[in-house]
Structures are given as structure tokens and as C-alpha cells.
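The values are calculated or read from the model by the stated rules, or taken from the named source; none is laboratory data. Keep in mind that what you see is a predicted model, and the values were worked out from it rather than measured. As a convention, Cβ positions derive from the backbone with ideal geometry for all residues, glycine included, and neighbour counts pool all protein chains shown. These accessible areas exclude ligands, DNA and RNA; they are computed on the full protein's heavy atoms, side chains included. Shrake-Rupley method; radii C 1.70, N 1.55, O 1.52, S 1.80 Å.
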Amino acid sequence: MFRGKSCSAEWIRSRRRDVFVTKPLRQCSRNAIGVQTASDASINGDREEHDLCNWDELKFSLIPTDYMYVMKCSSGEGAFSQGHLTRYGNVELSPSSGVLNYGQGLLEGLKAYRGDDNRIRLFRPEQNALRMQMGAERMCMPSPTAEQFVGSIKQTALANKRWVPPPGKGSLYIRPLLLGTGAILGVAPSPEYTFLAYASPVGNYFTGSMHFSVEDKVYRAIPGGTGGIKSITNYSPIYKAVTQAKAKGFTDVLFLDAATGKNIEEATACNIFVAKGNVISTPPIAGTILPGITRKTIIEVASWLGYQIEERAIPLEELMNADEAFCTGTAIAIKPVGSVTYQGQRVEYKTGEGTLSETLFRTLTGIQTGRIEDTMGWIVEID
Ligand SMILES: *Cc1c(COP(=O)(O)O)cnc(C)c1O
């Protein structure tokens, strides 16, 4: 769809110059899970699903798939156009692109689920589109329309359909990116943008729980910062804290609010909920936590189940005295918190059978895979 001259002309020029060339990646994966090579000849499903991957050993790690979706925009135009699927592969960038030099970029994450009926579903993809738009506004970037975004996700999932794991084995994780790809030397918004979506099959996280180390020196987000959007700049600054915690045997770090250092915020890439009696509490959306779509969904699901939901500041002390705690995010769905350690003090929580997080997990994943009827219009069936 041509939105205007300058954007489409820029797109055609950039195609001719091959500034964003994609090179087919022939290897399926070099990792240890016994994945076989996906040759070009095997694209449209002529390879049986069961010999494509060892579906039982999927983790949350990259397995390159067949296609990705690319769409461009010059800032003069302000709108994206000419989106298309292309073979998955490396991208070429100007050394002076805004994303490489100044971190002007956003990410998203959502999944395509294969149900017992073999149909493939997306879960609330328009929410990811809206969140990308909010982030783009904050980072001075144009963004795809919700229609373009959801359309690109459907196309990416369908083009890589053979990589959507069988029911119960996992899902196809789709990673949209919005990047300042135009060349710029001065510190300023990029003159050209690229939207890109790629996919990788990932495993389930039915088992295990989170063992948190509460971080009291490094802060993930500050008031007025970008902690409330999925900016690519939010993640590497916390690698050091997370790496150190993992070296001590923790699963992840739990961050406190930078303003007071007293209230819990969230983990590296998931939101947190605290349960006590009939009350479920979670930190509020106030710019320093990421407004998770799973978080938003769980708030609704838990209130149907009769729980009282409170979105408010939660002192660490309250978490340390909770009955139960759990985390939410697209990658993990819902995962119980097994323990929290703060300055040498460790608190443990009940996990597994009969817990609230287990009930919520079953309800959420039931809706996502079509086992539980979707009465909310959250599901987008794509085949
Ligand atoms: C993506 C993300 C989440 C979870 O959001 P969902 O929409 O539920 O996947 C939570 N916290 C951070 C920091 C994130 O990046």
C-alpha cells in the first residue's frame, strides 16, 4: 500500500541500493537439540513436522525459521508501507544507523499457539501493536498502524507455520522490532525506520519456579525514563546484575523502585503479583514497569475468579510476608515465585498443586490454545 511519494520512493531507492539485504540462512540451528537443516526446497511444508525439530527439547533459544517480515518508512513520510515477507537472514545496516549508534529501537514479543484442534492462534496481538505505538511515540519513531502490525504478525506466523510446535510442545515466538535504520551522525532521530518481525519455536515453561535475588544497587527504570516501554535500551544495562545473581544460583533479579528503593517493581522481563488471602496485588503502571499484556490479562482473569485485585505500590516487606507470588510474561506465561532473597534473608513460597498461580496458568494457557472458550475476543485464529 503506497502511503505517499517520499516513503515509497525511499523504499524503492533503498531496495535498489540493497541497504537492507536479506541473505537466506540455510542452517536450521547449530545448537545441541538435534535440529536438522532446513533447505530451501523444503519450504512449504514438504518436510514433516516431526523431523523438523526435536519438539520435546525446545527451550527459549533461537531456532532460525524460514521467513521474516520487513517494512520501511522514511521519517519525512511518517508512515510505513510496502511490507513484505522475505527469507529469514542477516540484515545489512549503515554503520551510522540510529539504532546502532544511539539505541533508537523497540522490541515486542508474542506467540502463535497450536491448539489440540491443530488451529493456530494469536493472543491479543493488537495489544502488542498499541504498546509498540506508545513506545514509538516516546522514542520519536513512526510506527506501523495496528492493522499493519497485526497483519505482519499473521503473515510471519503463517509463512513459518511448519515451525509452530505440535499441541502441548511449545509455541512459535514472534519478535517484532522497530528500528531507526537511517544513517545519522548527530544525536537525533533517524531519517529512516524499519519494522521487522521474525520467529522462533520455543518450549513450554510448565515446570520450575523463580528464585529471586532482590537487587538493591542497580535500578532497571527511573521515573521519566523508558522503563514503561519495550525499548531495546532497557535490557543490557541490567545484564551485570542478572549475571551476578545467576552465578549465585538465582533464576533472576527482582528490581526495586529507583525513587525510594522500598517497593518492588518487576524482574528482567516479567511482571510480579503478590497474593495474600483473597487479595492479589501488583505494582501499578506508572512509567517504571512494563505494562505487560499477560499482566493485564491476569488482572481480568483473577477478578472473574473472584479475587480482589489491587494495582498499587507494594513494599518489599509485603512480598516477604505474602502467601504466594508469581510472575507473568509472554515467554513464561505464569511462573510461581519459589523464593525471594534480600540481604541474606530468604523467604519461600508454596508452588505447584493447588496454588493460585497454577489455576491462573491453566486458565490462561487454556484460552490461548483454544481449550477454554474465549469470551473476550482475545484470540485471533489465523488459519
Ligand atoms: C515484555 C516484558 C514484560 C511482559 O510483558 P508481556 O506483554 O506480558 O509479555 C514484563 N516486563 C518487562 C521488562 C518486559 O520487557
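Numerical summary
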item: Any hit, the range 345-352, residues being within 13 Å of the ligand (Cβ to nearest atom) and either assigned by TED's automatic domain parsing to the domain that holds Ala159 or open to solvent by 10 Å² or more (accessible area, probe 1.4 Å) (or both); result: no
item: Extreme residue, surrounded by the most Cβ atoms within 10 Å (Cβ to Cβ), among residues of the range 88-133 that are aromatic (Phe, Trp, Tyr) and within 16 Å of the ligand (Cβ to nearest atom); result: Phe123
item: Residue check, Thr156 within 25 Å of Gly78 (Cα to Cα) and open to solvent by less than 20 Å² (accessible area, probe 1.4 Å); result: yes
item: Residue selected from the range 264-284 under the condition assigned to a loop (DSSP other than H, G, I, E, B) and away from the ligand (no atom under 11 Å from the Cβ), by the criterion farthest from Phe250 (Cα to Cα); result: Asn278
item: Matching residues in the range 134-150 - criterion: being open to solvent by 60 Å² or more (accessible area, probe 1.4 Å) and either outside any loop (DSSP other than H, G, I, E, B) or within 16 Å of the ligand (Cβ to nearest atom) (or both); result: Met134, Glu137, Arg138, Glu147
item: Enumeration of residues in the range 230-263 that are in a loop (DSSP other than H, G, I, E, B), more than 9 Å from the ligand (Cβ to nearest atom) and under 23 Å from the mean Cα position of the chain (by Cα); result: Phe250, Thr251, Asp257
item: Failed condition for Gly76, given (1) modelled with pLDDT of 95 or more; (2) part of a loop (DSSP other than H, G, I, E, B); result: (1)
item: Sole residue being crowded, with 18+ Cβ neighbours inside 10 Å and within 16 Å of the ligand (Cβ to nearest atom), chosen from Leu319, Leu364; result: Leu364
item: One residue from Arg312, Arg346, Arg362, Arg371 being closer than 24 Å to Gln127 by Cβ and free of Cβ contacts under 8 Å to residues at least 12 places away in the same chain; result: Arg362
item: Residue count, the range 187-211 (criterion: open to solvent by less than 50 Å² (accessible area, probe 1.4 Å) and within 14 Å of the ligand (Cβ to nearest atom)); result: 2
